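Below you'll find the structure, written out as structure tokens, and then a few comments.
The values are calculated or read from the model by the stated rules, or taken from the named source; none is laboratory data. This one's a predicted model, so the numbers in the text were calculated from it and none came from an experiment. Here the Cβ positions follow ideal geometry from the backbone for every residue, glycine too, while neighbour counts run over all protein chains shown. When the accessible area is computed, the model is the full protein with side chains, heavy atoms only, and any ligands, DNA or RNA have been set aside. Shrake-Rupley method; radii C 1.70, N 1.55, O 1.52, S 1.80 Å.
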Amino acid sequence: MKKNNFISKWKKFTGNEFLKYVGPGILVTVGFIDPGNWASNIAAGSSYGYKLLWIVTLSTIMLILLQHNAAHLGIVTGLCISEAINKHMKASVGKVITGTAVLAAIGTAMAEILGAAIALKMLFHIPIKIGASISSILIIFMLFSNSYRRIEKVIIGFVSIIGLSFIFETALVNVNWSEAAKNLVIPNIPDGSLPIIMSVLGAVVMPHNLFLHSEVIQSRKWNLKDKTIIEKQLKYEFMDTMLSMIIGFVINSAMILVAVTFFDNGINVTEVEQAQIMLKPLLGSSSSLVFAIALLFAGIASCITAGMAGGSIFAGLFGEEYDINNKHSKIGVLITILLALLIIFFIDNPFNGLIYSQMLLSVQLPVTIFSQLYLTSSEKVMGQYKNTLTENIILWIIGGIVAALNIMLLISIF
């Protein structure tokens with residue numbers, strides 16, 4: 001009888017009940033299928049064919065561990081990274097960390113808005129700056145008029161559209177699946193490929209996503225005094241993170257597979273808009289249209305999450321959680337979106353805008369990663385749930401690798 005009860009509870013625990021907790025990971029996933037990723041993945045596939053697929057695998061593994069660690073902080077403490085920094089670090093140090101994180105969110109939002117604007121130009125021939133303004137107004141409206149749970153559902157819908165778009169695109173190209181499978185797991189660094197490798201990795205692990213995950217994971221309002229509930233949520237969160245990151249992994253891999261078409265035809269693509277133009281004669285007008293639609297949804301969805309991250313980071317400066325009805329959260333969202341839009345008006349070349357945003361992320365990412373690991377390694381902050389020695393070794397190595405590659409990317413840009 002006891003055995004049957006155990007089996008019944010286990011089925012409930014891992015099945016229907018788990019579905020209630022799916023969502024926070026999906027919100028984070030859109031951050032690494034944003035326009036910056038599109039540019040990096042297209043460059044990887046068009047320049048080196050299947051050879052750089054392995055970096056998507058490696059970066060996704062790193063991302064899962066770092067995002068899980070950020071969510072771990074949110075579940076155990078009930079604080080997002082910004083709130084935890086405000087509470088557990090010196091005020092002067094904390095303001096520098098969160099201030100630079102807000103700048104990183106602005107840089108990210110700039111790239112996302114540009115992506116949506118480029119898509120509007122592809123679809124309706126709307127000038128970039130007008131398209132950026134339309135996109136920004138829509139994004140602010142969605143953030144100010146929808147609750148978190150509604151936004152979560154919208155984002156899940158957007159991710160589904162993006163995923164289906166690339167399934168469609170992949171179905172149109174002739175993929176050498178055995179070659180693709182081999183390159184997904186076997187590292188290969190062709191001559192001259194290091195900048196693109198660093199760009200792909202830098203576009204996957206982003207500072208605002210770490211802040212965001214630690215915030216949105218708290219949306220279910222759990223009882224943090226109950227050890228059983230905390231451990232249950234930690235398990236569900238890891239499953240949600242794994243599932244969501246795998247979805248992102250599939251979409252990013254599909255982008256490279258589609259871009260291999262350019263490689264096979266001797267076309268080196270360096271800009272997203274160029275890729276859409278080139279797809280039409282290679283795969284037909286339908287592929288070009290689907291590509292632009294997917295880019296539009298990717299830009300809007302990822303900018304919504306960048307706005308939420310900016311609002312969360314800014315509110316954390318005042319020791320407050322993200323709540324769009326709260327004054328500081330609203331100010332944070334407006335600062336993130338409107339300053340990103342303002343910067344776009346001073347950029348003549350949209351591609352340069354993507355480069356500038358990547359520079360901001362490269363500078364700030366090591367600061368966020370090592371701040372997060374400091375907090376989750378602390379018994380004062382995490383209690384019995386602090387990182388184990390093994391977790392610390394793995395996470396600090398990952399943090400060091402990601403930080404080093406992003407610094408190298410920044411250096412290469414100069």
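Annotations
- Matching option when the condition is among the hydroxyl-bearing types (Ser, Thr, Tyr) and more than 17 Å from the chain's Cα centre (by Cα), among Ser199, Ser135, Ser160: Ser135
- Qualifying residues in the range 198-208 (those that are part of a helix (DSSP H, G or I) and out of contact with any Phe, Trp or Tyr (no Cβ under 7 Å at 6 or more places or on another chain)) - the one farthest from Thr29 (Cα to Cα): Met198
- For Gly115, the conditions (1) crowded, with 21+ Cβ neighbours inside 10 Å; (2) modelled with pLDDT under 90; (3) under 20 Å from Pro24 (Cα atoms) are fulfilled apart from (3).
- Val216 modelled with pLDDT under 85, open to solvent by less than 20 Å² (accessible area, probe 1.4 Å) and under 20 Å from the mean Cα position of the chain (by Cα): no
- Any hit, the range 349-366, residues being open to solvent by 10 Å² or more (accessible area, probe 1.4 Å) and either at pLDDT 85 or above or more than 24 Å from Ala119 (Cα to Cα) (or both): yes
- Residue satisfying condition, being within 30 Å of Ser378 (Cα to Cα), surrounded by 20 or more Cβ atoms within 10 Å (Cβ to Cβ), under 17 Å from the mean Cα position of the chain (by Cα) and touching a residue at least 24 places away in the same chain (Cβ under 8 Å), within set Ala84, Ala101: Ala101
- Counting only residues that are part of a helix (DSSP H, G or I), open to solvent by less than 70 Å² (accessible area, probe 1.4 Å) and at pLDDT 85 or above, the range 180-197 holds 4 of them.
- Filtered residue count, the range 292-316, keeping only those that are open to solvent by 10 Å² or more (accessible area, probe 1.4 Å) and in contact with a helix residue (DSSP H, G or I) (Cβ under 6 Å, 6 or more places away or on another chain): 4
- Tally of residues being touching a residue at least 24 places away in the same chain (Cβ under 8 Å), out of contact with any helix residue (DSSP H, G or I) (no Cβ under 6 Å at 6 or more places or on another chain) and over 12 Å from Leu65 (Cα atoms) across the range 375-399: 3
- Every pair of residues 6+ apart whose Cβ atoms lie under 9 Å, when the first sits in the range 112-125 and is more than 19 Å from Ile343 (Cα to Cα) while the second is at pLDDT 90 or above and buried (at least 21 other Cβ atoms within 10 Å of the Cβ): Met122/Leu296; Leu123/Leu296; Phe124/Gly131
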